[in-house]
Amino acid sequence: MRNLIIFLRRYFNFFLFLLLEVICLVLVFQNNDFQKTAYLNSANNISARLYERYNNVEYYFHLKATNDSLVKENARLHNMLRTSFDTVILDNIVKNDTMRQYGTDTTRRVISTSVRRYLYKAAKVVNNSVTNPINYITIHRGSADGIRPNMGVVGPSGVVGIVRSVNEHYAVVLSLLSKGRNFGTSARLAHGKEMGMVRWHGGEAGYATMEDVPKSVHLVKGDTVVTSGYSAFFPENIPIGYVESTEEVDKASTSFNIRIRLATNFYNLQYVYVIDNLLQDEQKSLEDSTYKLIKQ
Amino acid sequence: MSILLRNIIRFVLLLLLQVFVLNRILLHQSISFNLYLLFVLLLPFNLPRPALMLLALLMGLSLDMFMNTMGMHAAACVFIAYLRPFIINVLSPQGGFETTQKTPSMTSMGVSQFLIYASILVFLHNLVFFSLEVFNVGSFLYLLLKIVFSTAASIFLIVLYELLFFSRK
């Protein structure tokens, strides 16, 4: 026993070193579990406030660019307002938030009723990075504004990411610029209608790859890649990027990898919109109960 | 200025500089400027090792908090804090460094000694940090390039810092 104590005392430094390193490594490998460690990330009070102050200064220098993008975005929204509504044919559904479409003839009958499916909430970006293998964006909107984890986030011109953890007034968004398997979103070509998966593989912040596109695709350079609407995070037809060129991975494979130029400029992101899918729970519970039925 | 006060100021200053200036510089994806570890390098000679490691942990975790990297900077910082006394022992002449100045610097250690000291520790730091960050054996070449370039960039910054803040006596 005495020898053991002497041994421990002699190598105290080394054991302390091992202990601290183990603590650090546990933190590193736990960091997928965002909800648990939310107090130690950039959404906590000290760092988020500091970031906000810094951003207040920096924001001023981007006013012009921000204005331009807001005007463009307004124009786009005016054109696309109806795409965030879901058409329902039944007459006897009563919902708080609906949109009616009237016929153009003189009787002006109601020809269809739509139910709100997506709700957009504007949020100010207070911190953003583009250089790391996994990039995060901190936004000034939190659980107090109804933000929950796993909500889609879009910018003025396209997809930005997904909310990962939420504080009372801030939220951390996992950016589209997250390497490999950390982030992937289901996508579709606007003209060809072929499906694929958009992933970022590190490197420049302006480019990503659309994977697993069938070889039968007719590629047009500059074709828009949009969200497919199959994931519950994003509505259909939100731009992700534009086709730049194809990379042939290997001749034997049956799919293309397409290099795309991202629609969102991650270098000067100032405002984003968090998308609340009001029918997400409904869709999810239906899908889950179906999977259970099949398993039995 | 007392050594304690000087180190506290250096802690805050380096943290802010790292978060708000250096992390926003985009030169190339494989070059990142790490200056914050200078805090660990410049702690006094006579600081006991446990204190050295705990201070390094504090610095690392504070930076992790801003960068959302959770433990990566801390692991690398603790690693170099543990190895620091070995390196200093190897580099010090017979009977230790002269004790007129209590912290490592170009004047107390000599220019070449200090550069070797800084290079070894910065390299080890970047080795641990980028290995954790990239965490992929497949991109070995990329990792190697990143470590080498970032080490060069950090040493350049450290030399600049030394020339700015230390008067030659």
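Using the Cα centre of region A:154-296 as the reference point, and only Cβ charges (+1 on K/R, -1 on D/E), how large is the resulting charge dipole? Debye, rounded to the nearest 20.
Details: 14 positive and 16 negative charges, 53 e Å.
Dipole size: approximately 260 debye.
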* To do: Give me the number: length gained by fully extending A:K64 to A:R261, i.e. 0.36 nm times residue separation minus the C-alpha to C-alpha distance, one decimal in nm.
  => 68.6 nm
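Would you please classify the overall shape of region A:162-296 from the alpha carbon gyration tensor, given that a ≥ b ≥ c denote the square roots of the eigenvalues, rounded means a/c under 1.5, and beyond that prolate means a/b larger than b/c while oblate covers the rest?
Because a/c hits 1.5 or more and a/b fails to exceed b/c, region A:162-296 counts as oblate.
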* To do: Determine the principal axes of the Cα atoms in region B:3-165, then give the extent along each, sorted from largest to smallest and rounded to whole angstroms.
  => 46, 30, 29
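With runs of 4+ DSSP H residues as the only contributors, calculate the mean residue ellipticity of chain B at 222 nm using -39,500 (n - 2.57) per run, divided by the residue total and rounded to the nearest 500.
Values: 7 runs with 115 residues, N = 169.
Result for chain B: -22500 deg cm²/dmol, rounded to the nearest 500.
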* Multiply the residue gap between A:M195 and A:V220 by 0.36 nm, knock off their C-alpha separation, and tell me the result in nm, one decimal place. => 7.5 nm
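So which of A:K179/B:K146; A:K64/A:K124; A:K193/A:K215 end up more than 19 Å apart, counting from Cα to Cα?
On the way: A:K179/B:K146 16 Å; A:K64/A:K124 16 Å; A:K193/A:K215 13 Å.
Correct reply: none exceed it.
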* Asked: Hey, can you rank B:3-15, A:273-285, A:222-234 by average C-beta count inside 10 Å, highest first?
  -> A:222-234, A:273-285, B:3-15
* Asked: Can you give the average number of partner chain beta-carbon atoms within 10 Å of each beta-carbon in peptide A:16-23, as a whole number?
  -> 6
* Asked: Of B:V128, B:V19, B:V90, which is the most mobile in a GNM of chain B whose springs link Cα atoms less than 10 angstrom apart?
  -> B:V90
* With label points built 7 Å along Cα→Cβ from the Cα atoms of A:K121 and A:S253, find their separation and express it in nm. => 3.8 nm
* **Placed amide H near A:T246: partners under 5 Å, 5+ positions off or other chain** => A:R259
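Roughly how big is chain B's charge dipole about its Cα centre, with Cβ charges of +1 (Lys, Arg) and -1 (Asp, Glu), in debye to the nearest 20? Numbers along the way, then the final one.
Details: 9 positive and 4 negative charges, 61 e Å.
In total the dipole reaches around 300 debye.
To the nearest whole number, what is the average tally of beta carbon atoms from other chains within 10 Å of the beta carbons of peptide B:57-68? All intermediate terms of the calculation are to be shown ahead of the outcome.
Details: counts 4, 0, 0, 3, 4, 2, 0, 7, 7, 10, 7, 20.
For this peptide, the per-residue mean of nearby foreign Cβ atoms is 5.
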* To do: Quickly work out the B:Y142-to-B:L27 label distance, labels modelled 7 Å from Cα along the C-beta direction, and quote it in nm with one decimal.
  => 2.0 nm
* Taking 0.36 nm per residue of separation and subtracting the Cα-Cα distance, what length does fully extending A:Y11 through A:T131 add? -> 39.2 nm
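Test of understanding: ordering A:M197, A:M151 by Cβ neighbours within 10 Å, fewest first, what list do you get? Walk me through the numbers on the way to the answer.
On the way: A:M197 15, A:M151 24.
Ascending number of Cβ neighbours within 10 Å: A:M197, A:M151.
No lab work stands behind these numbers, since they all come straight from the coordinates. Note that the structure is predicted; figures quoted are calculated from it, not measured. All Cβ positions, glycine included, derive from the backbone under ideal geometry; neighbour counts span all protein chains shown.
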